[in-house]
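Participant: Attaching a single structure in structure tokens format; questions to follow.
The values are calculated or read from the model by the stated rules, or taken from the named source; none is laboratory data. Just so we're clear, the structure is a prediction, and the values are computed from it rather than from any experiment. Here Cβ is always computed from backbone atoms with ideal geometry, including for glycine, and neighbour counts include all displayed protein chains.
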Amino acid sequence: MRASPLDGRRGILAAGSLRIPCALGRSGITSGKREGDGATPLAAMPVLAAYLRGGQGGPPVRLPGLPVHRARADDGWCDAPAHPAYNSPVRLPLDASTESMQRADALYDVVVVLDWNIRTRVRGLGSAIFLHVARAGYLPTEGCVAVSRRDMDRLSAFLRPGARLVVRR
């Protein structure tokens, strides 16, 4: 994935012969990622798992070999650096800042969890960096990489254990 030379909050994701437009964080790409900075980390992030919400946006995405969780109303992700569950999946409600994995909009109909600060967690280095469905017009994210639902389907063959999403400038 490379940032657009015209707008650092947009990029082109390459997978095999595919070239797909994507949205990036509202603060562009950074090598010094911090919680809440709105930037997409400059990193090679392994693909870990996925969350799917059934009944939304057409037939389900097929992610062969990738651990897939059906998003439930009580699925969340903790983004509170002081909490013991920081940058981890949690059950809602939680007495700390969290993100719901079942949003009211379509952005989390398909969520691919990327290993940013998960396996070697450091408080404050950023949480919940996902590959997810983009807003109309590819509006910037809070630090994630986002593609259209159609392009998520096209990418699904590449989203398997051992795959990495590499963010470059």
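Participant: Among Ala14, Ala80, Ala49, which is the only one that is part of a strand (DSSP E or B) and out of contact with any strand residue (DSSP E or B) (no Cβ under 6 Å at 6 or more places or on another chain)?
Facilitator: Values: Ala80 fails: part of a strand (DSSP E or B); Ala49 fails: out of contact with any strand residue (DSSP E or B) (no Cβ under 6 Å at 6 or more places or on another chain).
Of the residues listed, the single one that is part of a strand (DSSP E or B) and out of contact with any strand residue (DSSP E or B) (no Cβ under 6 Å at 6 or more places or on another chain) is Ala14.
Participant: For the range 83-105, how many residues are under 18 Å from the mean Cα position of the chain (by Cα), among the charged types (D, E, K, R) and either at positive phi or assigned to a strand (DSSP E or B) (or both)?
Facilitator: The total comes to 1.
Participant: In the range 38-66, how many residues are modelled with pLDDT of 95 or more, surrounded by fewer than 19 Cβ atoms within 10 Å (Cβ to Cβ) and out of contact with any Ser or Thr (no Cβ under 6 Å at 6 or more places or on another chain)?
Facilitator: Of the residues in that region, 4 qualify.
Participant: Yes or no: the range 128-149 includes at least one residue that is farther than 27 Å from Ser97 by Cβ, charged (D, E, K, R) and without any contact (Cβ under 8 Å) to a residue 12 or more places away in the chain.
Facilitator: No, every residue in the range 128-149 fails to be farther than 27 Å from Ser97 by Cβ, charged (D, E, K, R) and without any contact (Cβ under 8 Å) to a residue 12 or more places away in the chain.
Participant: Just to check your reading of the model, which residue among Leu125, Leu131 is at pLDDT 95 or above and over 10 Å from the mean Cα position of the chain (by Cα)? Outline the logic, then answer.
Facilitator: Numbers: Leu131 fails: over 10 Å from the mean Cα position of the chain (by Cα).
The unique qualifying residue is Leu125.
Participant: Kindly provide the set of residues from the range 10-26 that are over 13 Å from the mean Cα position of the chain (by Cα) and touching a residue at least 40 places away in the same chain (Cβ under 8 Å), ordered by number. Let's see the steps before the verdict.
Facilitator: Here is the first cut: in the range 10-26, the residues over 13 Å from the mean Cα position of the chain (by Cα) are 10-21, 26.
Answer for the range 10-26, where residues must be over 13 Å from the mean Cα position of the chain (by Cα) and touching a residue at least 40 places away in the same chain (Cβ under 8 Å): Arg10, Gly11, Leu13, Ala15, Gly16, Leu18, Ile20, Pro21, Arg26.
Participant: Shifting gears a bit: Going by what's in this entry, would Val113 be described as among the aliphatic types (A, V, I, L, M), touching a Ser or Thr at 6+ places or on another chain (Cβ under 8 Å) and closer than 18 Å to Val47 by Cβ?
Facilitator: When the stated conditions are applied, Val113 does not pass them.
Participant: Same structure, new question: Can you run down the residue pairs with Cβ atoms below 8 Å, 6 or more apart or on separate chains, where the first is in the range 77-93 and in contact (Cβ under 8 Å) with a residue 40 or more places away in the chain and surrounded by fewer than 17 Cβ atoms within 10 Å (Cβ to Cβ) and the partner is part of a loop (DSSP other than H, G, I, E, B) and hydrophobic (A, V, I, L, M, F, W, C)?
Facilitator: Between residues of the range 77-93 that are in contact (Cβ under 8 Å) with a residue 40 or more places away in the chain and surrounded by fewer than 17 Cβ atoms within 10 Å (Cβ to Cβ) and residues that are part of a loop (DSSP other than H, G, I, E, B) and hydrophobic (A, V, I, L, M, F, W, C), the close pairs are Ala82/Ala96.
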